[in-house]
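Student: Okay, here's the structure, questions in a sec.
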Amino acid sequence: MLSAPSDYAAKRYKKSKHKKKIRKDYTTFRHQWMLWCVWQKCLGSKSCRSHLLSMPDETMIVEVVKNDPIWAAEEDAQTGCLCGANAVGKILTYCRQCLKEAAQPAIDTALLNHVGVYILGERVQF
């Protein structure tokens, strides 16, 4: 989590600096890609798994970041309500449920293979 207003300015600068490099089709697969990434973290990190599994089922996971209506939520100054899609919170909640049920999340690997995701120049096969 970002801790100071200067961190927000740095984040905006970094995002704007690389905005031209973002794939034009990213919005078509970003949720499945994030779900895959978070699930890999759950599988590979005992502390991540333990932390998620330690939360009661009724706990709502909310990623709170200003100016990120897709991945996070932000408190509305007037109403006090959280606004935003909170996609990271939903993905973490879904992964927590899959861990508790010893199930695999329904990741659309066909979509990810179709769009072609590369890490360090190598195409990832899902």
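Student: Please go through the residue pairs Lys41/Lys66; Lys24/Lys66; Lys41/Lys90; Lys17/Lys90 and name each one whose alpha carbons sit more than 21 Å apart in this structure.
Tutor: Lys41/Lys66; Lys24/Lys66; Lys17/Lys90
Student: Quick one: plug the Kirkwood hydrodynamic radius of the stretch 61-126 (C-alpha pairs) into Stokes-Einstein at 25 °C, 0.890 mPa s, and report D in µm²/s. Each step should come with its number before you reach the end.
Tutor: Values: Rh = 14.1 Å.
Translational diffusion coefficient: 174 µm²/s.
Student: Expressed in nm to one decimal, what extension gain is obtained for the pair Ile107 and Phe126 from 0.36 nm per residue of sequence separation less their Cα-Cα distance? Display every interim value, and only then the final one.
Tutor: Numbers: separation 19, 0.36 × 19 = 6.84 nm, distance 0.94 nm.
Residue separation times 0.36 nm, minus the Cα-Cα distance, leaves 5.9 nm.
Student: Here's another thing I want to ask about it. Among 61-68, 105-112, 88-95, how do they line up from the highest to the lowest mean number of other beta-carbon atoms within 10 Å? Intermediate values should be presented prior to the final figure.
Tutor: On the way: 61-68: 15.9, 105-112: 13.8, 88-95: 19.5.
Result, highest mean first: 88-95, 61-68, 105-112.
Student: Let me ask something additional. Leaving out ligands, DNA and RNA, and with a 1.4 Å probe, what % of the accessible surface on the stretch 9-126 is carbon or sulfur?
Tutor: Here carbon and sulfur together make up 57 percent of the probe-accessible area.
Student: Could you name the lysines in cross-link range of Lys19, using Cα to Cα under 17 Å and dropping any fewer than eight places away on the same chain?
Tutor: Lys11
Student: Right, something else. Using a Förster distance of 30 angstrom, determine the FRET efficiency expected from the C-beta separation of Lys100 and Lys24, and round it to 0.05. Walk me through the numbers on the way to the answer.
Tutor: On the way: r = 37 Å, r/R0 = 1.25.
The pair Lys100/Lys24 has a calculated efficiency of 0.20.
Student: Collect residues whose amide H, placed 1.01 Å from N in the peptide plane, falls under 5 Å from the amide H of Leu82; neighbours closer than 5 in sequence don't count.
Tutor: Correct list: Asp76.
Student: Any idea what the relative contact order of the chain is, in percent, if you count C-alpha pairs under 8 Å spaced at least 6 apart?
Tutor: Computed over the chain, the figure is 20 percent.
Student: Sticking with this one: Which sequence of Phe29, Phe126 reflects their accessible areas, 1.4 Å probe, from the largest down?
Tutor: Values: Phe29 10, Phe126 55 Å².
Output order, biggest surface exposure first: Phe126, Phe29.
Student: Going by a ≥ b ≥ c, the root eigenvalues of the Cα gyration tensor, does the chain fall in the rounded group (a/c under 1.5), the prolate group (a/b larger than b/c) or the oblate group?
Tutor: Verdict is oblate for the chain.
The values are calculated or read from the model by the stated rules, or taken from the named source; none is laboratory data. From a predicted model like this one, the values you see are computed outputs, not experimental measurements. Neighbour counts are summed over all protein chains in view; Cβ atoms, including those assigned to glycine, are modelled from backbone coordinates with ideal geometry. These accessible areas exclude ligands, DNA and RNA; they are computed on the full protein's heavy atoms, side chains included. Shrake-Rupley method; radii C 1.70, N 1.55, O 1.52, S 1.80 Å.
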